[in-house]
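Asker: Structure in structure tokens, see below.
The values are calculated or read from the model by the stated rules, or taken from the named source; none is laboratory data. All values derive from a computational prediction rather than experimental measurement. For neighbour counting, all protein chains shown are included, and Cβ atoms are generated from backbone atoms with ideal geometry for every residue, glycine included. Just so you know, the surface numbers come from the protein's heavy atoms only, side chains and all, with ligands and any DNA or RNA stripped out. Shrake-Rupley method; radii C 1.70, N 1.55, O 1.52, S 1.80 Å.
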Amino acid sequence: MLIGKPADIRYSEITPRATYLRRREFLQAASVAAVGTAAALVPSLPAVAEAQVQGPGVLPKLPNVKTSALSTTEKQSAYADFSTYNNFYEFGTDKASPAINAKRFRTRPWKIAIEGHVAKPAAFDFDEFVKPYALEERIYRHRCVETWAAVVPWIGIPMADIVKRVEPTSKAKFIEFVTLFDPAQMPGQRDEILQWPYIEGLRLDEAMNPLTILAVGMYGEVLPNQDGAPIRLVVPWKYGFKGGKSLVKIRFVESMPRSTWMIKEPPAYGFYANVNPMVDHPRWSQTRERRLGEFLPRRTTMFNGYADQVAKLYAGMDLRRNY
Ligand SMILES: Nc1nc2c(c(=O)[nH]1)N[C@H]1C(S)=C(S)[C@@H](COP(=O)(O)O)O[C@H]1N2
Ligand SMILES: [Mo]
């Protein structure tokens with residue numbers, strides 16, 4: 001998300017010099033090419049110093065991961081690119097900051113609670129919570145509202161399996177996903193840049209769609225801290241901000257949750273947040289995107305290319321109003 005004018009962000013102060021210089025080169029190249037789309041304004045990849053790039057091969061591997069027919073066969077983004085270009089405002093608003101500032105973030109012990117309108121509410125130790133489930137690899141397209149995109153091999157648990165296990169009652173219509181509030185560890189939370197903790201929500205049927213997962217890993221390994229360790233939401237047909245990171249509570253509720261970005265800027269960020277090239281952001285077009293590692297923008301597709309699986313969830317809804 002861009003919360004300040006881009007001119008307010010002094011990349012030179014918060015990114016390594018090599019990265020900053022590369023960005024300048026990219027921006028110069030982009031302006032020469034005069035591509036004229038929001039995608040062209042996405043800064044070039046942070047070529048973060050080698051030492052900051054964890055894995056693959058550094059973090060613990062996740063064993064016994066099943067493949068899935070729901071995975072795309074498109075070329076995956078490079079780990080070093082994806083894991084160093086993050087939005088995680090708890091660790092800074094610059095894309096390079098989370099990989100640097102979340103390095104010592106403690107993800108054990110970790111508790112996760114299931115609350116609200118369910119027959120079986122419970123609080124779990126994270127490792128106990130994950131144990132009963134078979135992990136699946138899901139290679140998904142990923143699209144941030146700011147027009148950068150990626151292809152990511154997540155590893156996770158189908159959300160539908162979790163919903164069934166806790167037995168929602170008839171009052172449960174939505175699920176609220178609450179992430180960690182810990183300003184001692186999360187420097188971004190010492191400022192009021194967003195309402196903390198970061199909250200997201202889904203309608204119950206969206207949460208139960210087979211594409212929706214809680215991710216605990218990527219690229220064969222556990223999640224690096226900057227990507228939402230130990231557990232985060234992944235909803236591949238929606239803008240990336242739906243994917244709350246470092247979850248501590250999953251709450252089954254009767255009315256539509258007000259998520260962090262809806263509170264921050266209602267005209268820009270709606271509850272549904274479906275990827276939709278027909279509905280522009282108030283400050284930029286959503287018709288194009290740029291994948292990390294690629295130079296030329298691509299056309300953005302409805303529901304991020306997942307229309308066959310999810311369009312039915314929105315039958316009869318005006319998606320220009322329910323953006
Ligand atoms: N807790 C928390 N979750 C968050 C965010 C955040 O700032 N805090 N940013 C969101 C946004 S805007 C995006 S695009 C995705 C980015 O996930 P990634 O950095 O793993 O690609 O995380 C989402 N989840
Ligand atoms: Mo985003």
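Asker: Are there any strands (runs of 3 or more DSSP E) wholly within the range 191-287 with 2 or more residues that are farther than 19 Å from A150 by Cβ and in contact with an Asp or Glu (Cβ under 9 Å, 6 or more places away or on another chain), and if so which?
Answerer: Those strands (runs of 3 or more DSSP E) span 199-203, 247-253.
Asker: Which residue out of R283, R290 is of a type in the set (D, E, K, R), on the phi < 0 side of the Ramachandran plot, at pLDDT 95 or above and open to solvent by 70 Å² or more (accessible area, probe 1.4 Å)?
Answerer: R283
Yes/no matrix, rows are residues, columns are (1) under 28 Å from F303 (Cα atoms); (2) assigned to a strand (DSSP E or B); (3) more than 16 Å from ligand 1 (Cβ to nearest atom); (4) at pLDDT below 95:
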position	(1), (2), (3), (4)
A69	yes, no, yes, no
E90	yes, no, no, no
P98	yes, no, no, no
R106	no, no, no, no
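Asker: With A134, A102 as the choices, which residue is of a type in the set (A, V, I, L, M) and either closer than 30 Å to S255 by Cα or within 16 Å of ligand 1 (Cβ to nearest atom) (or both)?
Answerer: Of A134, A102, the one residue that is of a type in the set (A, V, I, L, M) and either closer than 30 Å to S255 by Cα or within 16 Å of ligand 1 (Cβ to nearest atom) (or both) is A102.
Asker: Does at least one position in the range 159-166 carry a residue that is at pLDDT 95 or above, more than 13 Å from ligand 1 (Cβ to nearest atom) and assigned to a strand (DSSP E or B)?
Answerer: Taking every residue of the range 159-166 in turn, none turns out to be at pLDDT 95 or above, more than 13 Å from ligand 1 (Cβ to nearest atom) and assigned to a strand (DSSP E or B).
Asker: Kindly evaluate M186 against the criterion of being touching a residue at least 40 places away in the same chain (Cβ under 8 Å), more than 16 Å from ligand 2 (Cβ to nearest atom), within 27 Å of H281 (Cβ to Cβ) and in contact with a helix residue (DSSP H, G or I) (Cβ under 6 Å, 6 or more places away or on another chain).
Answerer: Judged against the criteria, M186 is a match.
Asker: Could you tell me whether M278 is buried (at least 16 other Cβ atoms within 10 Å of the Cβ) and modelled with pLDDT of 95 or more?
Answerer: No.
Asker: Within the range 226-253, track down each residue that is away from ligand 2 (no atom under 16 Å from the Cβ) and open to solvent by 20 Å² or more (accessible area, probe 1.4 Å). Full working, then the answer.
Answerer: Applying the first criterion (away from ligand 2 (no atom under 16 Å from the Cβ)) to the range 226-253 yields 229-231, 247-253.
If the condition is that a residue be away from ligand 2 (no atom under 16 Å from the Cβ) and open to solvent by 20 Å² or more (accessible area, probe 1.4 Å), then V248, K249, R251, V253 are the ones that fit.
Asker: For the range 129-147, give me the residue count where each residue is under 16 Å from Y85 (Cβ atoms) and either open to solvent by 10 Å² or more (accessible area, probe 1.4 Å) or part of a loop (DSSP other than H, G, I, E, B) (or both).
Answerer: Qualifying residue count, the range 129-147: 6.
Asker: Another one. Take the range 97-128 and flag every residue that is closer than 18 Å to D227 by Cα, open to solvent by less than 40 Å² (accessible area, probe 1.4 Å) and not polar (S, T, N, Q).
Answerer: Across the range 97-128, the qualifying residues are P98, A99, A102, F105, W110, I112, F126.
Asker: Residue pairs, Cβ under 7 Å, 6 or more apart or interchain, first in the range 222-244 and among the β-branched types (V, I, T), second within 13 Å of ligand 2 (Cβ to nearest atom) and at pLDDT 95 or above. List them.
Answerer: Once the first residue is among the β-branched types (V, I, T) and sits in the range 222-244, its partners that are within 13 Å of ligand 2 (Cβ to nearest atom) and at pLDDT 95 or above give V234/G243; V235/K242; V235/G243.
Asker: Being under 21 Å from the mean Cα position of the chain (by Cα) and either open to solvent by 60 Å² or more (accessible area, probe 1.4 Å) or at pLDDT below 95 (or both) narrows it down to one of M256, M262, so name that one.
Answerer: M256
Asker: Testing I213 on (1) in contact with a Gly (Cβ under 9 Å, 6 or more places away or on another chain); (2) open to solvent by 40 Å² or more (accessible area, probe 1.4 Å), one condition comes back false. Which one is that?
Answerer: Single failed check for I213: (2).
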